[in-house]
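Asks: I have a structure here, written as structure tokens, and I will follow up with some questions on it.
The values are calculated or read from the model by the stated rules, or taken from the named source; none is laboratory data. Please read these numbers as outputs of a predicted model, since none were measured by experiment. So basically every Cβ, Gly included, is an ideal-geometry build from the backbone, and we count neighbours across all protein chains shown.
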Amino acid sequence: MTRHQRLTPYRESLAAWSMVAPALLVTVTFALYPVVDSLWLSLHRIVIGLPQLGNSFVGPDNYLALLRDPVARQALLVTLGFVLCSTLLELACGLVIALVIHERFHGRGLVRAAILIPWAIPTVVASQLWRYIFNDQYGFANLLLFGNQVTDYIPWLSYPSLAFGIVVLADVWKTSSFAALLILAGLQLIPDDLYDAARVDGAGAWQRFRHITLPLLKPALLLALLFRTMDAFRVFDLVFVMTQGGPGDATQVLQFYGYQTLFTEGRIGYGSAVSVAVFLMILALSLIYLRAIGSSLLEQRRT
Amino acid sequence: MSRRILLAVGILVSVGLSLLPFLWFVLTSFKSQAAIEAIPPTWWPSGNLGFYRSALFDHRLFDYMLNSMVVAGSTTILALVFAIPAAYALARLTIPGKRGLLAVLLCVSMFPQMAIAGPIWRLLDSLGGLNHRWGVVLPYVALTLPLAIWILASFFKELPPELEDAARVDGCGPWGTLFRITLPLATPGIFTAAILILIYAWNEFFFALLILTQPEQQTLPVGIALFQGEFTMPWGELAAASVVATLPLIAVVLLCQRWIVSGLSAGAVKG
């Protein structure tokens, strides 16, 4: 018996590791190793199609070139603008939707399902859909705004700022419901008696929202902000389908620029530097957010 | 009273804005080519099924569907096979460095696809996985594992530990306890994780675009993104293909709304 007991912790940790190892192996091979490889590649000059260049080690050259690259600077600005506009709008819409579907009413399940549909639609389909809606001739937007006055029809996606706005709109439509779900989960954690107490004290609806709902919703809002920022930073499908980065460079985002340098132009070293830069920015952002959420996420995970 | 009106307006606006844009695609898919190309375009379709026929047979929609089913199905199964034991170990067993592991997983779920795309392409090139459906399944599994593990671990943790303890006292090892006690109890959690993985794998575009370059292996999103006519955009066929690509997901969402909501909340906010 004593022998058995002495073996148990050893056997338990052996079992624990055998349970974690397969998942860890897949994660390391297809997520962690690639990041390290990207970092390594970004220190080389490798151009597919120009094998005579070899793959010489050039140290930080690609990063220095990146800092001076006007297209990259534009892509960074567009990406930051996209992240800012789309996440703020998504949080606002998500909050409104969450407040609506938190209420009790007949057919709430159906309403929730209907609101989730844009989130479930493949992004590529949503992108084609919005491209079609804002089509210069057959588009629903023109039909709705101008009806029969065909001469007033606007070629929406050919104007830089309109195209940017439409890409933002498509993203907001697609993902507000996801933000709403995260916020809804936060709403459900707020105990009802708080509202009752406030009501007894004579607080109006706006005051209850301002002083109970918003403060207690902060962790959920921050979490939604975290998820949405990360996703907005990684936007690709929308741009690929709707605008290909254009018109001009109006919707040229970092991920699309990285894709072009790596896979269209075959500049492996430089493209890897772009990817690593995007990675580092997302990493920095997520560390800031995790600080703000107070690492409560990780704390609670610990048994 | 005003509160009820406000709620009704809120419901109408959010449901309307969610559904109407896609409804335009649905209407388009049943129109005739002439009705689509009319300027101004007509509102209502004539109930024409021609676009579905030509999308299915002239535009390889069949192949895309089949590929998406194979890819999404295998991703879901493999990801669950890897995630379930890992989540159980992280939720219930003592592992040195558990916090670090969870932090790493959280980081992985935030990786921009770009940061790993080039090396994954090279890796699959050397493994012979380019232009094979399994070539996208492996990265999909890696990228969905973090979310699956987080969701499953939080479900496992909410189960009462007494049953597991009893099994352990009776001499059941950790693997035995997982399979005989925890798994049957955690079916809703596993179901939730499966739905989320399935939706991800069905919709993913970036890696599918890079890895599957032959039309015979491409998935629905790639097929739909690269849907081009020679001279004009075949909007009718595209709308039909989009409806076909989306219907299974709408069915999943309608049927499983409850699990999706609880899964996302459990995986995220409740911690």
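Asks: Out of B:Gly189, B:Gly236, B:Gly171, B:Gly229, which single residue is at positive phi, more than 9 Å from chain A (Cβ to nearest Cβ) and either out of contact with any strand residue (DSSP E or B) (no Cβ under 7 Å at 6 or more places or on another chain) or surrounded by 14 or more Cβ atoms within 10 Å (Cβ to Cβ) (or both)?
Replies: B:Gly171
Asks: Something else: Residues that are closer than 30 Å to A:Phe140 by Cα, touching a residue at least 24 places away in the same chain (Cβ under 8 Å) and of a type outside the set (D, E, K, R), at least 1 per element: which helices (runs of 4 or more DSSP H) completely within region B:170-271 meet that?
Replies: By residue number, B:187-203, B:206-211, B:220-225, B:235-267.
Asks: Tally the residues that are within 18 Å of B:Ala225 (Cα to Cα) and in a loop (DSSP other than H, G, I, E, B), restricting the search to region B:24-70.
Replies: 2
Asks: Looking at B:Gln217 and the list (1) over 18 Å from the mean Cα position of the chain (by Cα); (2) within 25 Å of B:Met65 (Cβ to Cβ); (3) surrounded by 24 or more Cβ atoms within 10 Å (Cβ to Cβ), which single condition is not satisfied?
Replies: In the conditions (1) over 18 Å from the mean Cα position of the chain (by Cα); (2) within 25 Å of B:Met65 (Cβ to Cβ); (3) surrounded by 24 or more Cβ atoms within 10 Å (Cβ to Cβ), B:Gln217 misses (3) alone.
Asks: Against the definition (in a helix (DSSP H, G or I), more than 12 Å from every other protein chain (Cβ to nearest Cβ) and of a type outside the set (Gly, Ala, Ser)), how does A:Pro247 come out, yes or no?
Replies: no
Asks: Now for a different question. Can you tell me how many residues within region A:106-138 are at the interface with another protein chain (Cβ under 7 Å from one of its Cβ atoms) and not in a helix (DSSP H, G or I)?
Replies: 4
Asks: With respect to the numbered conditions (1) in contact with a helix residue (DSSP H, G or I) (Cβ under 6 Å, 6 or more places away or on another chain); (2) outside any loop (DSSP other than H, G, I, E, B), which one is the sole condition not fulfilled by A:Leu290?
Replies: Only one criterion is unmet by A:Leu290, namely (1).
Asks: May I pose another question? Checking A:Gly81 against (1) within 23 Å of A:Val278 (Cα to Cα); (2) without any contact (Cβ under 8 Å) to a residue 12 or more places away in the chain; (3) surrounded by fewer than 22 Cβ atoms within 10 Å (Cβ to Cβ), which test does it fail?
Replies: Condition not satisfied by A:Gly81: (2).
Asks: For region A:174-213, what are the residues that are of a type in the set (A, V, I, L, M, F, W, C), in a loop (DSSP other than H, G, I, E, B) and touching a residue at least 60 places away in the same chain (Cβ under 8 Å)?
Replies: Passing the criteria: none in range.
Asks: Can I ask one more? So B:Thr192 fits all but one of (1) farther than 30 Å from B:Met65 by Cβ; (2) touching a Gly at 6+ places or on another chain (Cβ under 9 Å); what number is the exception?
Replies: Looking at each condition in turn, B:Thr192 falls short on (1).
Asks: Moving to a separate point now. Condition check: surrounded by fewer than 17 Cβ atoms within 10 Å (Cβ to Cβ), assigned to a helix (DSSP H, G or I) and within 12 Å of another protein chain (Cβ to nearest Cβ). Does A:Leu216 satisfy that?
Replies: Criteria met by A:Leu216.
Asks: Do you know which residues across region B:86-104 are surrounded by 23 or more Cβ atoms within 10 Å (Cβ to Cβ) and under 23 Å from the mean Cα position of the chain (by Cα)?
Replies: B:Ala86, B:Ala87, B:Tyr88
Asks: Restricting the search to region B:57-71, which residues are surrounded by fewer than 24 Cβ atoms within 10 Å (Cβ to Cβ), touching a residue at least 40 places away in the same chain (Cβ under 8 Å) and not charged (D, E, K, R)?
Replies: If the condition is that a residue be surrounded by fewer than 24 Cβ atoms within 10 Å (Cβ to Cβ), touching a residue at least 40 places away in the same chain (Cβ under 8 Å) and not charged (D, E, K, R), then B:His59, B:Leu61, B:Met65, B:Asn67, B:Val70 are the ones that fit.
Asks: If I ask for residues that are over 18 Å from A:Phe134 (Cα atoms) and facing another protein chain (nearest Cβ under 7 Å), which ones from region B:8-55 would you list?
Replies: B:Gly10, B:Ile11, B:Ser14, B:Val15 - these are the residues of region B:8-55 that are over 18 Å from A:Phe134 (Cα atoms) and facing another protein chain (nearest Cβ under 7 Å).
Asks: Of the conditions (1) within 13 Å of chain B (Cβ to nearest Cβ); (2) touching a helix residue (DSSP H, G or I) at 6+ places or on another chain (Cβ under 7 Å), A:Asn148 fails just one. Which one is it?
Replies: (2)
Asks: Which members of region A:196-239 meet the condition of being under 16 Å from the mean Cα position of the chain (by Cα) and either at positive phi or not aliphatic (A, V, I, L, M) (or both)?
Replies: Hits for region A:196-239 are A:Phe227, A:Arg228, A:Thr229, A:Asp231, A:Phe233, A:Arg234, A:Phe236, A:Asp237.
Asks: Criterion first (part of a helix (DSSP H, G or I) and among the small types (Gly, Ala, Ser)) does B:Ser18 satisfy it?
Replies: Here the answer is yes, as B:Ser18 does meet what is asked.
Asks: Now a separate question. Just to check your reading of the model, which residue among A:Ala65, A:Ala21, A:Ala31 is among the aliphatic types (A, V, I, L, M), surrounded by 23 or more Cβ atoms within 10 Å (Cβ to Cβ) and at pLDDT below 95?
Replies: Result: A:Ala31 is the single residue among A:Ala65, A:Ala21, A:Ala31 that is among the aliphatic types (A, V, I, L, M), surrounded by 23 or more Cβ atoms within 10 Å (Cβ to Cβ) and at pLDDT below 95.
Asks: Is it fair to say B:Ile120 is among the hydrophobic types (A, V, I, L, M, F, W, C), in a helix (DSSP H, G or I), away from chain A (no Cβ under 11 Å) and under 24 Å from A:Val28 (Cα atoms)?
Replies: When the stated conditions are applied, B:Ile120 does not pass them.
Asks: Against the definition (more than 10 Å from chain B (Cβ to nearest Cβ) and not in a helix (DSSP H, G or I)), how does A:Gln252 come out, yes or no?
Replies: Here the answer is yes, as A:Gln252 does meet what is asked.
Asks: In this structure, is B:Gly10 part of a helix (DSSP H, G or I) and without any contact (Cβ under 8 Å) to a residue 60 or more places away in the chain?
Replies: Answer is yes for this residue.
Asks: Separate question: Give me the residue from region A:139-154 that is part of a helix (DSSP H, G or I) and surrounded by fewer than 22 Cβ atoms within 10 Å (Cβ to Cβ) and, out of that set, modelled with the highest pLDDT.
Replies: This residue is A:Ala141.
Asks: From A:Gly59, A:Gly49, which residue is assigned to a loop (DSSP other than H, G, I, E, B), free of Cβ contacts under 8 Å to residues at least 24 places away in the same chain and over 30 Å from the mean Cα position of the chain (by Cα)?
Replies: None of the other options fit; the residue is A:Gly59.
Asks: Taking the condition of a type in the set (Asp, Glu) and at pLDDT 95 or above, does A:Glu90 pass?
Replies: Spelling it out, A:Glu90 is indeed of a type in the set (Asp, Glu) and at pLDDT 95 or above.
Asks: So A:Gly165 ticks every box in (1) modelled with pLDDT of 90 or more; (2) within 12 Å of chain B (Cβ to nearest Cβ) but one. Which box is left unticked?
Replies: Condition (2) is where A:Gly165 drops out.
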